[in-house]
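Since every read-out is calculated from the coordinates, none of them should be taken as a lab result. Just so it is clear, the structure is predicted and the values come from calculations on it, not from any experiment. Backbone-built Cβ (ideal geometry, glycine too); neighbour counts: all protein chains shown.
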Amino acid sequence: MMSREWLLLTEMEKNTIASFHNDFPVKVGALAKAFGIVVKSSTLAAGISGEIKKDERSGYVIRVNRHDVKARQRFTLAHEIAHFLLHKDSIGDGIVDDILYRSSLSDTMEAQANRLAADILMPMPYVNKKMAELSQYREEERIEKVASLLEVSITALKYRLGK
Ligand SMILES: [Zn+2]
């Protein structure tokens, strides 16, 4: 079950993302590269998780705050890739996302980027398969284990599961 944002992508974009869904955790840095995006691990201002800008020399550049925990950096990168795919025309001088993924874009656009980021990092067929395989564990533990396999936060996975 993919988001409605997924349906807005071109076949090529969908195929590119799907080609990264054979191996987990999703190699989100390599995915950005596959879209021609340069990714930099940077020291960003406190309270800023990431940004995407168009650079005259390098094309699109995503910077992820290297001081955030790894799972968060991965979500930020997927979120910025989602802006690239969905909101290219609105990037302008750049989109800067704070820790709550708020930027100069509308809340609707931010929610779209979050949903597509979830599709990128936590494809439901994999989540459902792993949750089923771990059925001997209590739900809390299952969620912890699957979040760890996907290198996402427990909060992100719970949200994905509608909890
Ligand atoms: Zn954003």
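Summed over segment 100-124, the residues that are touching a residue at least 60 places away in the same chain (Cβ under 8 Å) and either away from the ligand (no atom under 11 Å from the Cβ) or in contact with a strand residue (DSSP E or B) (Cβ under 6 Å, 6 or more places away or on another chain) (or both) give a count of 7. When SER90, SER49 are checked against the criterion of being surrounded by 19 or more Cβ atoms within 10 Å (Cβ to Cβ), over 28 Å from LYS129 (Cα atoms) and hydroxyl-bearing (Ser, Thr, Tyr), SER49 stands alone in meeting it. Could you say whether any residue in segment 1-11 is over 14 Å from the mean Cα position of the chain (by Cα), within 27 Å of LYS145 (Cα to Cα) and not hydroxyl-bearing (Ser, Thr, Tyr)? Yes, because at least one residue in segment 1-11 is over 14 Å from the mean Cα position of the chain (by Cα), within 27 Å of LYS145 (Cα to Cα) and not hydroxyl-bearing (Ser, Thr, Tyr). Which residue out of ASP93, ASP55, ASP97, ASP68 is away from the ligand (no atom under 11 Å from the Cβ) and under 25 Å from THR16 (Cβ atoms)? After applying the criteria, what remains is ASP55.
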